[in-house]
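Read through the structure below, which is laid out as structure tokens, and then see the notes.
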Amino acid sequence: MGPPTVPSPPPPAAGPPARAAPPYRATSAAPLDIRSLLHPAEHSRLLIALSSSAIVFGVAAMAVYALDGWKTLAGLAGALAAFGALVWLLLQVGRSRLLGGAVRVSETTLPELQSVFDEVSARLDYRKHVDVYVADKVDGGSAMTSYLGTRLIQIEGGLVAELLGDEHRAELTYLMARHIGQLKARHQRLFPIFLVVSAVDSLKFLQFFLAPYFRATAKSGDQLAAACCGDIRATAAVMNRLLVGKELGPRLVVNGVLEQAATVRRRWLPRLAQMFMSVPHATNRYLNLLAFFARVAPEEIYAWRATLDEATASRLTAVLRTSANGRAPRRRPNPVSMLLAILVTGGVLAACGWLTFATPGAWGVAASTNTPAHAARLTGHGSAATLAPAQAGSPSGQTPPAAAQQLLARMPPGFARTCQAIAVPAADASQDADAEVACQPAALGSGGYVTYVHYRTQGAMQSVYADLTRGVPSGNCTPGDGQGSYRQGSPSQLVGQYACYVGGTGHHEFAWTDTRLSILTIATSDSMSLADLYGWWLGDTGPE
């Protein structure tokens, strides 16, 4: 997609309208300076894409680790690696199919096309191996894929047939240079992130930060190809052939295209529609090429503008004056921008890490008391719910409901100051729980937590406890797993039940009920044995 083309501009005398093809021929045999030909916004947009991706994936990794531990995090990392390997394997299968169903370009199959490829590679100083295939049908006329060392370029056979020959060599050079230029500039470096975002629906919002970079690389590819072929007429001819076909392209008139392009740039709805697009609007690519030509060959733009009518020339002048893409790109990355991106990314990740791991009961409680195995036994579901703080002064800033306030008031004085109310997960609420409190007694160690859950009825509490302790044998906790009942008061009365066991992730857990208050409590510790947990529980650990 790009600027429409026409025959050579007519003289100032009366005649047909001028076409959208400013002349530009400034080619040389020396290798091109890639950095000077990139879109000026490409680097800044790359920093935005990398920073946002690092923040999103970093926060996601923290949340998974806090909720389910390092084993789940390692499992997810392994799944992502397996997904990447599967994509690579499918790409190899696709390349094998091309080898059997298409023509691989070489000096023995298509020497003219191979010659163009060699010339473009030399101009762009690109030395890596690339497989070029000519197939019967290719979406868009041509396509390029680069992933884990596999680089493929596919070109439609009909398009190659039309462009082979000396009279169209510049057009074929442009077509090939657009893909080789993107390989040279490493425009596919974010392709793995794009794959993950495409596969995970909950990460689709990240496309908002990736799309600007992809749009900038599309414009960079146009500029690299135009500079490589050295002929704007050929550039426009190829882009219009891919856009509307070879018959209609020469009929597009410059004043109409400029008017449409100005309308697209001025109105907010087209700009909004482009925000999630990985490819810029065709009119934006057209204006970008005009700005590029005005920068690298201003005398050619001035000569072409002189052939236009007054209204079109004025519109062209206004468009070029307001274009931010006419400035040259920086020779080196802006150190201030890079430092700012690093500080913002590191600051956000550090803040999220502090909220996740340093705030008592916020996420660490979920990591210890709601592991997948624990949650499955406690609620009958296979994943843990996120526990959001609900105590006044907590990150949520909410006041605990009455039931939570009553439960907080019953916490043992020895560690009551470490306790806070947490939001009742939906799974627990569905089982008639109406309040939860999480505490961090020092006796349980740095990774230890205890959670008190209040139920509206004693039957609901007993049902959850029975599901939690299913399979735990009778007995005390001295030799290992065991469960039993306990009494309190004088005269002695049956108060509840207790159980000790090793959780699914290796944590030592101790659970007990209070039938008088309909409270189920679960303590978890990595540093204490089951016997130690039992001894700790014999102290004053129940609600007052």
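The values are calculated or read from the model by the stated rules, or taken from the named source; none is laboratory data. All values reported here derive from a predicted model rather than from experimental measurement. In this analysis, Cβ positions are derived from the backbone assuming ideal geometry, glycine residues included, and neighbour counts consider all displayed protein chains.
Can you say whether GLN493 is assigned by TED's automatic domain parsing to the domain that holds GLN420 and surrounded by fewer than 16 Cβ atoms within 10 Å (Cβ to Cβ), as far as the supplied structure shows? In short, yes. The selection criterion, being within 47 Å of the chain's Cα centre (by Cα), farther than 24 Å from CYS419 by Cβ and of a type in the set (Val, Ile, Thr), holds for VAL502.
Might you let me know whether region 55-68 holds any residue that is outside any helix (DSSP H, G or I), of a type in the set (D, E, K, R) and either surrounded by 14 or more Cβ atoms within 10 Å (Cβ to Cβ) or over 30 Å from the mean Cα position of the chain (by Cα) (or both)? There is no residue in region 55-68 that is outside any helix (DSSP H, G or I), of a type in the set (D, E, K, R) and either surrounded by 14 or more Cβ atoms within 10 Å (Cβ to Cβ) or over 30 Å from the mean Cα position of the chain (by Cα) (or both). Can you spot a residue in region 105-112 that is in a strand (DSSP E or B) and over 27 Å from LEU195 (Cα atoms)? Scanning region 105-112, I find no residue that is in a strand (DSSP E or B) and over 27 Å from LEU195 (Cα atoms), so the answer is no. Of all residues in region 154-175, those that are among the aromatic types (Phe, Trp, Tyr) have Cβ atoms under 8 Å from Cβ atoms of residues that are modelled with pLDDT of 85 or more, 6 or more apart or on another chain, in TYR174/ALA225; TYR174/CYS228.
Note on region 448-544: enclosed strands (runs of 3 or more DSSP E) holding 2 or more residues that are among the aliphatic types (A, V, I, L, M) and at pLDDT below 90 are 493-502. Where helices (runs of 4 or more DSSP H) fall entirely within region 319-428, those with at least 1 residues that are hydroxyl-bearing (Ser, Thr, Tyr) and modelled with pLDDT under 85 are at 364-369, 372-379. Taking region 228-265 as the range and being modelled with pLDDT of 75 or more and loosely packed, with under 14 Cβ neighbours inside 10 Å as the test, only THR263 passes. For region 123-145, the condition holds for at least one residue, the condition being that it is assigned by TED's automatic domain parsing to the domain that holds LEU224 and in a helix (DSSP H, G or I). Looking across region 100-127 at every residue that is farther than 18 Å from CYS228 by Cα and under 36 Å from the mean Cα position of the chain (by Cα), the one that is surrounded by the most Cβ atoms within 10 Å (Cβ to Cβ) is identified as VAL105. Restricting attention to region 84-141, the residues that are under 24 Å from VAL238 (Cα atoms) and aliphatic (A, V, I, L, M) total 14.
The rows are residues; the columns are (1) among the basic types (Lys, Arg); (2) more than 15 Å from GLN260 (Cα to Cα).
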residue: MET277; (1), (2): no, yes
residue: ARG285; (1), (2): yes, no
residue: LEU290; (1), (2): no, no
residue: ARG295; (1), (2): yes, yes
residue: ARG305; (1), (2): yes, yes
residue: THR312; (1), (2): no, no
residue: ARG315; (1), (2): yes, no
residue: ALA318; (1), (2): no, no
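Looking at LEU172, LEU190, LEU152, just one residue is over 18 Å from PHE57 (Cα atoms) and at pLDDT 90 or above, and that residue is LEU152. Among the residues of region 301-313, the ones that are within 27 Å of SER220 (Cα to Cα) and out of contact with any helix residue (DSSP H, G or I) (no Cβ under 6 Å at 6 or more places or on another chain) come to 3 in all.
Scanning region 416-467 for residues being closer than 20 Å to PHE357 by Cα, surrounded by fewer than 18 Cβ atoms within 10 Å (Cβ to Cβ) and touching an Asp or Glu at 6+ places or on another chain (Cβ under 8 Å) gives a total of 2.
Looking at ALA211, ALA216, ALA225, ALA199 in this structure, which one is crowded, with 19+ Cβ neighbours inside 10 Å, under 13 Å from the mean Cα position of the chain (by Cα) and among the small types (Gly, Ala, Ser)? Going through ALA211, ALA216, ALA225, ALA199 in turn, the sole match is ALA211.
Would you check if ARG487 is in the same structural domain as ASP526 (by TED's automatic domain parsing), among the basic types (Lys, Arg) and either under 21 Å from ALA403 (Cα atoms) or surrounded by 12 or more Cβ atoms within 10 Å (Cβ to Cβ) (or both)? Here the answer is no, as ARG487 does not meet what is asked.
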